[in-house]
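Report on the following structure.
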Amino acid sequence: MRAFLGRFDVRISLAYGIIAALWIVLSDSAMALIFAANPSMLAVVSVYKGLGYVLVTSLALFLLLRVELRKRDRAERALQEDIVERKKIEAALRESEHRFRNLADTAPALIWTTDSTDQVTFLSRGWYHFTGQHEANSLGQAWLDALHPEDREHVRVSFLDNIKTREYFQVEYQLHSPIDNAQRWVIATGTPRWSEDGVFQGYIGSVIDVTERRRAQQEMQAAAILRTDLEKEKELLQLKERFISVVSHEFRTPLSVIYASAELMHRYRDRIAPDRQDQHMRDILSQTEYMVDLLDDVLLVNIAQSGRLEFNPSPLDVVIFCETAIERMQVIDRGKHNFCLTHTGDLRLVALDAKLLQHILSNLLSNAIKYSPDGGDVRLDVCLEQGDVVFRVSDQGIGIPAESLPYLYEPFYRARNTGDIGGTGLGTAIVKESVDLHRGVIACESELGVGTTFTVRLPVTSRLQTDLSQP
Ligand code: ATP
Ligand code: MG
C-alpha cells in the first residue's frame, strides 16, 4: 500500500482529486451563500466557474504532459547515444584485440596472457607452432604439458609464486619442440596488467628461445676457462723458467765460494795459516747459510701460494718487536746505515702473527739497506691509524722504476735497476702473502734515485686493552 501511494502518478491523481473535490464543494457552497437571493445569477456564475475550471485543469494537464514527454524524449535520445557509444567501444575493442593478436602472432617472441585468476587465456600462434600444442589443450595450465618433464613442476611452482607477487618476473626452462624434435631453452618473462583504477587484470608476458644464446655463452665460458688454464700454464712455465734462472744464478756464487774454500782446505790445509783456515770455514758456513735461506724462501713462497701458510695472531708488543727487528738488521748491516725507529699510539698488546710480521719487517728492512748507499737513513715508523697498525719502511736508495711497481709482489720479479745487487725476487712476494693473511694492504711509493717507502696496513682484529703497567 505504501509503495502504491509512493508512486508519482498515484500521488498526482490523489492530489488532483482532493483539490478538485474541495474546490467544487467549497466554491459551490460559497456561491450558494453569496447568490442565495439570485438563483439565475448563481446559474450563470456556475457555468463560468465550470468553464474556468475546465480551462485551468486542461492547461495544467497540457503542461504536465509536455514536461513528461520532453523528459521521455531526452531519455530516449540519451539511450540511443549510449547504444551508439557502446557499439563504437565494442568495435574499438574488437579492433584492438585483432591488432593485438596480429602483433602477438607475428612477433618474434611467443606472447601469453593470463586472467586475474592466473589461468592462461591466450597464447600467440608461435607457441602452438613451437610446441605442437593446440589452443584447446594449452590454455589454463595445460601449457605446462609442453615443458620438459624435469622442469614442469618447478616452473609451475615458480610461475605461480611469481604471479602471486604481482611484479615483473623471469623464469628459464626447457620446452620440447617438435620442429627439430629437441629440447629448447627459453626465457619466459611476465608483467602484471592493471586497469586504470588499479585493479589487477592478469599478466602479459613473452617467451624467447635462448638455446643458441646459451650455447654461445657456454662455448664462450669454455673458451674463457681454456684461456685462463692456458694463461695459468704459461705463467707457471714463466715462473719455472724464472725460478731456474734465478736459483742457478744465485747458487752459482755461493757454491763456487764453498767449492773453492773446501778445495783449498782439502789440498793445502797444512800450508794454510790457522786464521786463513778459519776464514775459509766461515765462508763455507755463511754461503751455506745463504743457500739454506734462499731455499727456505722458495719453500715459504710455495707454501704461501698453495694456501698452506697459517695465520696465528697473538698479543704482541709491537714496539719491542720492531726494536728487536731493527737491532737484528743493524747486526747484519754492520753499521753502514743510520737506523731510526719512531712509534705513536698504544702499540703494546696488538693481535698480530709474530712469524708473519717477522717476514714483513725483515724483508722490507733488508731491502731498504740492500738498495740504498752506505751512510743513508733507514726509517721504520709505526703508528695506529683508524684501527690499523701502520708500518712505514723508508730508505734513501736507488728507488724502483714506475713500470716495475705492478709486478713488485710477483715471485722472482726484480727491477731492471738492481745491477749487480744480488737477490732472488722472493722477499716482497713473501711480504705480500704475509700482509694478505692479516687481511691487510701494502703500498709502495718510490722515486728513482731519491728513495722508497713501503706502507703496510694491518687491521687489528682483536686488541687486548690490558694495561701492562697495572699489577
Ligand atoms: P730477495 O729475495 O733476496 O729479497 P730481492 O730483494 O731482489 O731478492 P724482493 O725483496 O722481492 O727481491 O724485491 C723485488 C724487487 O723490488 C727487487 O729486486 C728490487 O728491484 C725492488 N725493490 C724492493 N725493495 C726495494 C727498495 N727498498 N729499493 C729499491 N728497490 C727495491
Ligand atoms: Mg729483498
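Using helices alone, I'd like the mean residue ellipticity at 222 nm for the chain: each DSSP H run of four-plus residues gives -39500 (n - 2.57), total over residue count, nearest 500.
Theoretical 222 nm ellipticity from helices: -19500 deg cm²/dmol.
What full-extension length gain, to one decimal in nm, is calculated for HIS266 and THR344 as 0.36 nm per residue of separation minus the Cα-Cα distance?
Residue separation times 0.36 nm, minus the Cα-Cα distance, leaves 22.5 nm.
Counting Lys and Arg as +1 and Asp and Glu as -1, each charge on the Cβ, what is the dipole of the chain about the Cα centre in debye, to the nearest 20?
2460 debye
Under unit Cβ charges (Lys, Arg +1; Asp, Glu -1), what dipole magnitude, rounded to 20 debye, does the stretch 1-136 have relative to its Cα centre?
Computed charge dipole of the stretch 1-136: roughly 560 debye.
Leaving out ligands, DNA and RNA, what percent of the accessible area of the chain is carbon and sulfur, probe 1.4 Å?
The computed percentage sits at 59.
Going by alpha carbons, how many degrees (0 to 90, nearest 10) lie between the helix axis of 318-333 and the longest principal axis of the chain?
40 degrees
What is the angle, in °, between the Cα long axis of helix 427-437 and the longest principal axis of the Cα atoms in the chain? Nearest 10 is fine, range 0 to 90.
40 degrees
Just flag the chymotrypsin sites (Phe, Trp or Tyr not before Pro) in the stretch 285-344 sitting in loop per DSSP whose Cβ has no more than 15 other Cβ atoms within 10 Å.
PHE311
Quick check for you: with a 1.4 Å probe and neighbouring chains kept, what is the accessible area per residue of the stretch 222-303, in Å²?
I get 77 Å² per residue for the stretch 222-303.
Could you work out the longest stretch of the chain that avoids the trypsin sites (Lys or Arg not before Pro) located in DSSP loops with at most 14 other Cβ atoms within 10 Å?
The answer is 8-165.
Counting pairs of alpha carbon atoms under 8 Å apart in space and at least six apart in sequence, what relative contact order in percent does the stretch 329-414 give?
About 31 percent, as a whole number.
As a test question: what accessible area, to the nearest 10 Å², does TRP194 have when a 1.4 Å probe is rolled over all protein chains in place?
Roughly 130 Å² of TRP194 is accessible to a 1.4 Å probe.
Would you work out which of PHE391, VAL44, LEU347 lies farthest towards the positive end of the dipole of the chain? Charges go on Cβ: Lys and Arg +1, Asp and Glu -1.
VAL44
Calculate, for the stretch 309-469, the solvent-accessible area per residue in square angstrom, rolling a 1.4 angstrom probe over the heavy atoms of the protein chains.
Per residue, the stretch 309-469 has an accessible area of 48 Å².
Taking Cα pairs under 8 Å and at least six residues apart, what relative contact order does the chain come out at, in percent?
Relative CO of the chain lands at 8 percent.
For the chain, max minus min Cα coordinate along each principal axis, in Å, sorted largest first?
Extents along the principal axes: 189, 71, 44 Å.
Only Cα pairs under 8 Å and at least 6 apart count here; give the relative contact order of the stretch 222-303 as a rounded whole percent.
Result for the stretch 222-303 is 30 percent.
Alpha carbons only, please: Rg and Dmax for the stretch 107-209, in angstrom.
Cα radius of gyration and Dmax of the stretch 107-209 are 13.2, 46 Å respectively.
Of VAL331, PRO315, ALA223, which is farthest on the positive side of the dipole of the stretch 206-338, counting Cα position, with +1 on Lys and Arg Cβ, -1 on Asp and Glu Cβ, and the Cα centre as origin?
Value: ALA223.
Only loop residues by DSSP count here, and only those with at most 14 other Cβ atoms within 10 Å; note down the GluC sites (Glu not before Pro) in the stretch 193-226 that meet that.
Answer by residue number: GLU196.
Would you list, by chain and number, the lysines whose Cα falls below 24 Å from the Cα of LYS240, excluding same-chain residues fewer than 8 positions away?
Output for LYS240: LYS232, LYS432.
Distance from the Cα centre of the stretch 170-240 to that of the stretch 94-139, in angstrom?
Measuring centre to centre over Cα atoms gives 23 Å.
Averaged per residue, what accessible area in Å² does the stretch 107-209 show with a 1.4 Å probe, protein chains only?
Each residue of the stretch 107-209 exposes 52 Å² on average to a 1.4 Å probe.
Which of the listed residues, MET1, LEU448, GLN174, is farthest toward the dipole's positive end in the chain, when Lys, Arg count +1 and Asp, Glu count -1 at the beta-carbon?
Farthest towards the positive end: MET1.
Let me know the charge dipole size of the stretch 107-209 about its Cα centre in debye, to the nearest 20, where only the beta-carbon of Lys, Arg (+1) and Asp, Glu (-1) is charged.
That gives a dipole near 100 debye.
Add +1 for every Lys or Arg and -1 for every Asp or Glu among the other residues with Cβ under 13 Å from the Cβ of GLU289, and state the total.
Overall, the nearby charge balance is -3.
Looking at the square roots a ≥ b ≥ c of the eigenvalues of the Cα gyration tensor of the stretch 294-373, which shape do they give, rounded for a/c under 1.5, prolate if a/b is larger than b/c, or oblate?
Here the stretch 294-373 falls in the oblate category.
Using only Cα atoms and rounding to the nearest 10 degrees, what angle (0 to 90) does helix 211-268 make with the longest principal axis of the chain?
That works out to roughly 10 degrees.
The values are calculated or read from the model by the stated rules, or taken from the named source; none is laboratory data. Keep in mind it's a predicted model, so treat the numbers as computed, not measured. Note that each Cβ is placed from the backbone with ideal geometry, even for glycine, and that neighbours are counted across all protein chains shown. Surface areas here come from the heavy atoms of the whole protein model, side chains and all, with no ligands, DNA or RNA. Shrake-Rupley method; radii C 1.70, N 1.55, O 1.52, S 1.80 Å.
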